[in-house]
Amino acid sequence: QVQLVESGGGSVQAGGSLRLSCAASGNFYRNYRMAWFRQVPGKEREGVACITGYRETAYADSVKGRFTISQDNPKNTLYLQMDSLKPEDTAMYYCAAYFTTPGTRTSCSLLQGNYAYWGQGTQVTVSS
């Protein structure tokens, strides 16, 4: 079973930056997708950014140009660099992963139903 542990959240002023990390344990293969989601109480979890083993990426329109998703594969670590933060970015941020059968290409997705493994979340608070 894959385990995901997020870190790097905190409180920052609007316009500031944070980098979130997701440490993954387990056996990872090329045919996977990993993503960052965020959730505000009372609302559905929102897909923020995605990356696959084929280096395909995708971003929600609300963060495009401000957030960057990346991976350090030798260390099995996923990152989310967040720049020019806005108060509306305040949320609990979650790391997610999905693995398909060997030999099949897995494309990016920002839909929570397309992920099987989830971290515990890390809180990001942006003050005006």
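The values are calculated or read from the model by the stated rules, or taken from the named source; none is laboratory data. It should be emphasised that the depicted structure is a prediction, and the values quoted were computed from it without experimental measurement. Positions of Cβ are generated from backbone atoms using ideal geometry, with glycine treated the same way; all protein chains shown enter the neighbour counts. Quick note on the areas: whole protein, heavy atoms, side chains included, nothing else; ligands and nucleic acids left out. Shrake-Rupley method; radii C 1.70, N 1.55, O 1.52, S 1.80 Å.
Summing charges over all other residues whose Cβ lies under 14 Å from the Cβ of residue 72, with Lys and Arg as +1 and Asp and Glu as -1, gives +3.
In the chain, if the dipole is taken from +1 on Lys/Arg beta carbons and -1 on Asp/Glu beta carbons about the Cα centre, which of 39, 90, 49 is farthest to the positive end? So the residue furthest toward the plus end is 49. For segment 58-79, the residues whose amide N sits under 19 Å from a probe point set 7 Å from the Cα of residue 23 along the beta carbon direction are 70-79.
In a shell of Cβ-Cβ distance under 15 Å around residue 99, excluding residue 99 itself, what net charge do Lys and Arg (+1) and Asp and Glu (-1) give? Net charge in that neighbourhood comes out at +3.
If R0 is taken as 25 Å, the Cβ-Cβ distance between residue 128 and residue 46 corresponds to a FRET efficiency of 0.75. For a straight C-alpha distance cut-off of 18 angstrom, the aspartates and glutamates reachable from residue 43 (same-chain residues fewer than eight places away being disregarded) are 61, 88, 89. By a 1.4 Å probe calculation restricted to protein chains, residue 37 has an accessible surface near 0 Å², given to the nearest 10. Each residue, residue 118 and residue 61, gets one label point 7 Å from its Cα in the Cβ direction; the gap between the two is 2.5 nm.
Taking amide H positions as modeled 1.01 Å from N, with prolines and chain starts lacking one, the residues under 5 Å from residue 16 and 5 or more places away or on another chain are 85.
With a probe of 1.4 Å, find how much accessible area the chain has per residue, and write the answer as a whole number in Å².
On the way: 6560 Å² over 128 residues.
Result: 51 Å² of accessible area for each residue.
Out of the trypsin sites (Lys or Arg not before Pro) in segment 60-128, which ones are loop residues according to DSSP with at most 15 other C-beta atoms within 10 Å? Answer in residue order: 64, 66, 105. Near residue 83, once Lys and Arg are set to +1 and Asp and Glu to -1 for all other residues with Cβ below 15 Å from its Cβ, the sum equals +2.
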